[in-house]
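The values are calculated or read from the model by the stated rules, or taken from the named source; none is laboratory data. Keep in mind that this is a model prediction, so the values were computed, not measured. When we count neighbours, we look across all protein chains shown, and the Cβ atoms used for this are built from the backbone with ideal geometry, even at glycine. These accessible areas exclude ligands, DNA and RNA; they are computed on the full protein's heavy atoms, side chains included. Shrake-Rupley method; radii C 1.70, N 1.55, O 1.52, S 1.80 Å.
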Amino acid sequence: PELYYRLATRFNHYLIDEFQDTNLLQWSNIFPMVEEALSKGGSLFYVGDKKQAIFGFRGGDTALFDGVKAQFGAFNKQDDYLNNNYRSLKAVVEFNNQVFSGENLKRFLEAREDLQKDKDGAISFDSGDINGILANFSASAQQIKKTGGPGYIKIERVTLETKDESDELIRDNLIRLIRELKECYHGYKPIAVLCRTN
């Protein structure tokens, strides 16, 4: 209590970044100080992106985003969404908007359910789970605010019998594509390769 008293009297404004990774214990510890600050005209500003939550295994809880708003419903609150993308080129933004659209996510989740039926260890989603996923992505569409070329995205599905065959085909296609892009972009600098593993 003494620690809370000393901190609560010193701080009136709180900024929490990456709020999507906050867990309930962390929030419970800071809540009394935030509540005290708000009752005296202070502020709470939390920033994050529910679809970027990566610490669920450590208790990170995206439900806190809306739960905190409900806890402080008596105070003046404002939601803002950063819908302008200043970093990515047109092709990347349009691709992400399409992939993470509600219609596409719902189609994917339903197709996944059909494919997973009757499999041992399959994870199934009920309607609440699906609605939660769709809610996390509901404001994900972005506007393009960067100039300088259209960008490039290419997707290839590889389905071969063995992992060795798949790996060889992927490696050959990737090397060919990097060489083509090097010619288009006059070097390797603007090329990024994202991988699930090293």
Note down all Cβ pairs under 9 Å where the first residue falls in segment 173-187 and is under 18 Å from Arg157 (Cα atoms) and surrounded by 13 or more Cβ atoms within 10 Å (Cβ to Cβ), the second is at pLDDT below 90 and of a type in the set (Lys, Arg), and they're at least six residues apart or on different chains. Leu177/Lys154
List every residue pair whose Cβ atoms lie under 7 Å apart, where the two residues are 6 or more positions apart in sequence or sit on different chains, the first residue falls within segment 86-105 and is modelled with pLDDT of 90 or more, and the second residue, located anywhere, is part of a helix (DSSP H, G or I) and hydrophobic (A, V, I, L, M, F, W, C). Gly102/Leu134; Leu105/Ile133; Leu105/Leu134
Within segment 151-170, of all residues that are touching a residue at least 12 places away in the same chain (Cβ under 8 Å) and among the hydrophobic types (A, V, I, L, M, F, W, C), the one nearest to Ser88 (Cα to Cα) is Ile153
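Within the bounds of segment 106-125, is there any residue that is open to solvent by less than 70 Å² (accessible area, probe 1.4 Å) and at pLDDT 90 or above? Don't jump to the end; show me each part of the working.
Here is the first cut: in segment 106-125, the residues open to solvent by less than 70 Å² (accessible area, probe 1.4 Å) are 109, 111-113, 116, 122, 125.
Applying the additional criterion that residues be at pLDDT 90 or above yields none.
No, because not a single residue in segment 106-125 is open to solvent by less than 70 Å² (accessible area, probe 1.4 Å) and at pLDDT 90 or above.
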Checking Ser88 against (1) more than 20 Å from the chain's Cα centre (by Cα); (2) of a type outside the set (A, V, I, L, M); (3) part of a loop (DSSP other than H, G, I, E, B); (4) surrounded by 10 or more Cβ atoms within 10 Å (Cβ to Cβ), only one condition comes out false. Which one? (1)
Of everything in segment 68-85 that's open to solvent by 60 Å² or more (accessible area, probe 1.4 Å), of a type outside the set (Gly, Ala, Ser) and outside any loop (DSSP other than H, G, I, E, B), which residue is farthest from Gln26 (Cα to Cα)? Asn84
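Limited to segment 128-155, what total is found for residues that are among the charged types (D, E, K, R) and either open to solvent by less than 90 Å² (accessible area, probe 1.4 Å) or assigned to a helix (DSSP H, G or I) (or both)?
2
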Does Ala37 meet the test of being touching a Pro at 6+ places or on another chain (Cβ under 8 Å), surrounded by 15 or more Cβ atoms within 10 Å (Cβ to Cβ) and farther than 28 Å from Ser138 by Cβ? no
Looking at Asn29 and the list (1) over 23 Å from Phe137 (Cβ atoms); (2) without any contact (Cβ under 8 Å) to a residue 12 or more places away in the chain; (3) assigned to a loop (DSSP other than H, G, I, E, B), which single condition is not satisfied? (3)
